[in-house]
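Input: a single structure, listed below in structure tokens.
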Amino acid sequence: MPFTRLIEVGRVAMVNYGKDYGKLVVIVDIVDQARALCDGPDMVRQPMYFKRLALTQFTVDIPKSPKKKVLLQSLNDSGVFAKFGATVWGQKLAKRKAKESLCDFGRFKTMIAKKAKSAKAR
């Protein structure tokens, strides 16, 4: 089966390591065989190693090395970030983030609800 998620200009990727961990970025240019120039709405354009990027199924129709304004406009027009949030991967990340943001009492309530659900299933 051939690869479907290729490194290309306009490919949306998620950073899986470093200070920008968890951010969605767009590949705007290929630097060499190991790095790509990436940019996103809330970050500065910078080169990143391919091994630090997890490629998504989404692409944005942009020219090579567009200005920030053009990139943001194409991201808004395509609605890629909203589409990513609707995928299983995006939903899993949203659940993880919601679980991390719970306070002690919130974790306690979820534990009690889980116990009640388990007892009800028996």
Of all residues making up segment 101-115, the number that are hydroxyl-bearing (Ser, Thr, Tyr) and in a helix (DSSP H, G or I): 1
In segment 3-58, the residues that are open to solvent by 60 Å² or more (accessible area, probe 1.4 Å), of a type in the set (S, T, N, Q) and under 21 Å from TRP89 (Cβ atoms): THR4, ASN16, GLN57
Residue in segment 83-100 that is in a loop (DSSP other than H, G, I, E, B), modelled with pLDDT under 95 and of a type in the set (A, V, I, L, M, F, W, C) present: no
Residue identified as basic (Lys, Arg), open to solvent by 90 Å² or more (accessible area, probe 1.4 Å) and at pLDDT 95 or above among LYS115, LYS120: LYS115
Pairs where the first residue, in segment 75-91, is among the aliphatic types (A, V, I, L, M) and the second is in a loop (DSSP other than H, G, I, E, B) and open to solvent by less than 40 Å² (accessible area, probe 1.4 Å), C-beta under 8 Å, 6+ apart: LEU75/VAL60; VAL80/VAL60
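The values are calculated or read from the model by the stated rules, or taken from the named source; none is laboratory data. Values in this document were obtained by computation on a predicted structure and should not be read as measured data. Using ideal geometry, Cβ is built from the backbone for each residue, glycine included, and neighbour counts are taken over all protein chains shown. Keep in mind that these areas ignore ligands, DNA and RNA; they rest on the heavy atoms of the full protein, side chains included. Shrake-Rupley method; radii C 1.70, N 1.55, O 1.52, S 1.80 Å.
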